[in-house]
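This report refers to the structure that appears directly beneath it.
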Amino acid sequence: MEARAVNRFIESSPRKMRLVIDLIRGASVDKALEILHFSPKHSSKNAEKTLRSAVSNLINKDDAARVEPSELFVKEAFVNVGPTLKRISPAPMGRAYKIRKRSCHLTIVVAKKV
């Protein structure tokens, strides 16, 4: 049994988010939550929130079965590119510099250990 959680339009670049997500892919949920909670990266807060949501989705999916978070692991975790906000900053001699404010979509799938 598995469940997924998707967090969309996160205001962080996909490159920075992937650094955090690579740390938890394939890890048990307890260990992944510990890694994310104590990680100094700003993206880890969004990743922790999404992971907790995926665990909650799995627990709510099957009320009859007793699911402990220690029995779960991160089956899949990936980051996709979201829309980019384009802005312009004034530059010397009448020019303009492009500013790209990138965003990303985060998907985490958790499953029971077999």
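The values are calculated or read from the model by the stated rules, or taken from the named source; none is laboratory data. Here the structure is a predicted model, which is why all the values come from computation and not from measurement. Neighbour counts are summed over all protein chains in view; Cβ atoms, including those assigned to glycine, are modelled from backbone coordinates with ideal geometry.
Structure above, values below:
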| read-out | value |
| --- | --- |
| Only one of Glu34, Glu48, Glu76 that is acidic (Asp, Glu), assigned to a helix (DSSP H, G or I), more than 9 Å from the chain's Cα centre (by Cα) and modelled with pLDDT of 95 or more | Glu34 |
| The one condition in (1) modelled with pLDDT of 95 or more; (2) more than 30 Å from Lys86 (Cα to Cα) that Lys41 fails to fulfil | (2) |
| Members of the range 1-18 found to be surrounded by 14 or more Cβ atoms within 10 Å (Cβ to Cβ) and of a type in the set (A, V, I, L, M, F, W, C), listed by number | Ala3, Ala5, Ile10, Met17 |
| Residue count, the range 73-114 (criterion: under 22 Å from Ser44 (Cα atoms), surrounded by fewer than 14 Cβ atoms within 10 Å (Cβ to Cβ) and either touching an Asp or Glu at 6+ places or on another chain (Cβ under 6 Å) or hydroxyl-bearing (Ser, Thr, Tyr) (or both)) | 1 |
| Test for Ser39: is it among the polar types (S, T, N, Q) and in contact with a strand residue (DSSP E or B) (Cβ under 9 Å, 6 or more places away or on another chain) | no |
| Residue in the range 34-45 that is farthest from Ile99 (Cα to Cα), counting only those that are surrounded by fewer than 19 Cβ atoms within 10 Å (Cβ to Cβ) and not aromatic (Phe, Trp, Tyr) | Glu34 |
| Pro90 vs. criteria out of contact with any Leu (no Cβ under 7 Å at 6 or more places or on another chain), farther than 16 Å from Glu48 by Cβ and without any contact (Cβ under 8 Å) to a residue 24 or more places away in the chain | yes |
| Condition met for Ser70 (among the small types (Gly, Ala, Ser), in a helix (DSSP H, G or I) and exposed (fewer than 14 other Cβ atoms within 10 Å of the Cβ)) | yes |
| Positions within the range 1-49 being of a type in the set (Phe, Trp, Tyr) and under 14 Å from Thr107 (Cβ atoms), in sequence order | Phe9 |
